[in-house]
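Worksheet for the structure shown next.
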Amino acid sequence: MKELLTSIAKERIYSSRKVAILTGAGISAESGIPTFRDKDGLWTKISPEEMANFDAFYKNTQIVSEWYQKRREIIEHTLPNAGHFALRELEHLFPSFHIITQNIDGLHQKAGSEKVIELHGNIMRNYCIDCKKYYELDEFESIYEHTENHIPKCNCGGLIRPDVVWFGEQLPRKALEKAFQTAEEADLFFTIGTSAYVRPAADLPIIALQNGAYVIEINPSKTGLTNFTHLHLQGKSGEILPKLLEEISLNLKQ
Ligand code: NAD
Ligand code: ZN
């Protein structure tokens, strides 16, 4: 079998102690969750202005809530794929290993990854826009189902919204700080299944590069980042990552 890694890549990987991984919608594509910007992506069917922003939620709460509930139900029944599981295994091979994800599906955690920084929130969590009380999934879904017009409301009367970052909103401060710190300190950085289009997430691989990290991209297509990376592994993450894990663990044992 042809090896994926060049000898320089191997050298850099085996001497790395701090690993950072940036993932985007592409890593969940093989689990059946559509990406945003590919040809079958979500935004080709519906415009983000219509759904993923606070004004839309405030004005058309029922429509937006129902759209999120539909996505939530799909994600609830979705399983991690071979790419997520390979990352879980890789976590054990390095002293420091963090996944920074733009995904809101929680599939890294479902696969067993422990150090996951969620930049754009998680669709399973919800909170009240007035008193900021958080609702776990069971409680939220029971409110949703028993509410007339599917407009979920808190005890205080406030609307309950998904804990995801909408267009025009700030990213959660702690997660963002941790992500920047992780990128700065990394010796090895992977950018996987992201079009590297949405900032500030797209800045992270550049920060890692500027601080001396070896940067590897895994994506079936080229992105705006490809020319800046040290190595582009072209293909689906569910196929490339298990091969990569095998190559890395074989060499580590030798
Ligand atoms: P994007 O849709 O802009 O880009 C997806 C990237 O994945 C593309 O570069 C594409 O070539 C690549 N890709 C497609 N199939 C792949 C595969 N099998 N293996 C590896 N790569 C593959 O997604 P993005 O860069 O994550 O955009 C950011 C926004 O999308 C974020 O705000 C995120 O919250 C949101 N999003 C999340 C989910 C999810 O949680 N699963 C789904 C859709 C969108
Ligand atoms: Zn409230």
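Rounded to two decimal places and with Rh computed the Kirkwood way over Cα pairs, what is Rg over Rh for region 145-246?
On the way: Rg = 18.7 Å, Rh = 16.2 Å.
Rg/Rh: 1.15.
Of Val64, Val198, Val215, which has the largest mean-square fluctuation in a 10 Å C-alpha GNM of the chain?
Top of the fluctuation ranking is Val198.
Ordered by residue, what ³J(HN,Hα) values in Hz, to whole numbers, does region 112-120 give under the Karplus form 6.51 cos²θ - 1.76 cosθ + 1.60, where θ = phi - 60° and Gly and Pro are x?
Karplus-based 3J(HN,Hα) across region 112-120 equals x, 5, 9, 9, 10, 9, 9, 7, 10 Hz.
Between Arg173, Arg71, Arg88, where does the largest GNM mean-square fluctuation fall for the chain, given springs only between Cα atoms within less than 10 Å?
Arg173
Hey, can you grab everything whose amide H is under 5 Å from the amide H of Ile117? Only 5+ residues off in sequence or another chain; H modelled, so Pro and N-termini drop out.
Under 5 Å from the amide H of Ile117 lie the amide H atoms of Ile99, Ile100, Thr101, each far enough along the sequence or on another chain.
Measuring from centroid to centroid over Cα atoms, what is the spacing of region 117-138 and region 155-207 in Å?
If we compute the Cα centre of each part, the gap is 15 Å.
How far apart, in nm, are two points set 7 Å out from the Cα along the Cα-to-Cβ line at Leu252 and at Glu177?
3.1 nm
With 5 Å bins from zero, work out the P(r) of region 200-254 over every alpha carbon pair and list the percent per bin.
Binned Cα distances yield the sequence 4, 18, 22, 21, 21, 11, 3, 1.
Of Ala201, Ala175, Ala25, which has the largest mean-square fluctuation in a 10 Å C-alpha GNM of the chain?
Ala175
Can you bin the chain into rounded, prolate or oblate? Criterion: square roots of the alpha carbon gyration tensor eigenvalues sorted a ≥ b ≥ c, rounded for a/c under 1.5, prolate for a/b above b/c, oblate for the rest. The partial results should precede the final answer.
On the way: a/c = 2.08, a/b = 2.05, b/c = 1.02.
Since a/c reaches 1.5 and a/b is larger than b/c, the shape of the chain is classed as prolate.
For Glu136 and Lys70 in one chain, what is 0.36 nm times their gap in residues minus the Cα-Cα distance, to one decimal in nm? Write down the numbers at each step before the final one.
On the way: separation 66, 0.36 × 66 = 23.76 nm, distance 1.69 nm.
Difference between extended and current length: 22.1 nm.
Long-range amide H contacts for Tyr127: which residues qualify at under 5 Å (H placed 1.01 Å from N, peptide plane, sequence gap of 5 or more or a different chain)?
Sorted by chain and number, the residues that satisfy this are Tyr135, Arg161, Asp163.
Going toward the positive end of the dipole of region 1-155, with +1 on Lys and Arg Cβ and -1 on Asp and Glu Cβ, which of Ile74, His108, Ser96 do you reach last?
Of the candidates, Ser96 comes out farthest on the positive side.
Per residue, what volume in Å³ does the convex hull of the Cα atoms of region 1-140 enclose?
150 Å³
Would you please give the residues with an amide H less than 5 Å from that of Glu217, counting only those at least 5 places away or on a separate chain, with H modeled from the backbone geometry?
It is Thr191, Leu231, His232, Leu233, by chain and number.
Can you give the % of DSSP beta bridges in region 113-238 that are antiparallel, to the nearest 5? Numbers along the way, then the final one.
Details: 8 of 17 bridges.
Rounded to the nearest five, the antiparallel share is 45 percent.
Taking 7 Å along the Cα-to-C-beta vector as the label spot, tell me the Ile129-Glu145 distance in nanometres, rounded to one decimal.
Spacing of the two 7 Å Cα→Cβ label points: 2.6 nm.
Only bridges whose two residues both fall in the chain count here: according to DSSP, what percent of them are antiparallel, nearest 5? Walk me through the numbers before you get to the answer.
Details: 8 of 31 bridges.
Among the beta bridges of the chain, antiparallel pairing accounts for roughly 25 percent.
All of the numbers you see were taken from the coordinates with simple rules; none came from a lab. Since we're looking at a predicted model, the values are computed, not measured. A quick note on method: Cβ atoms are made from the backbone with ideal geometry, for glycine too, and the neighbour counts reach across all protein chains shown.
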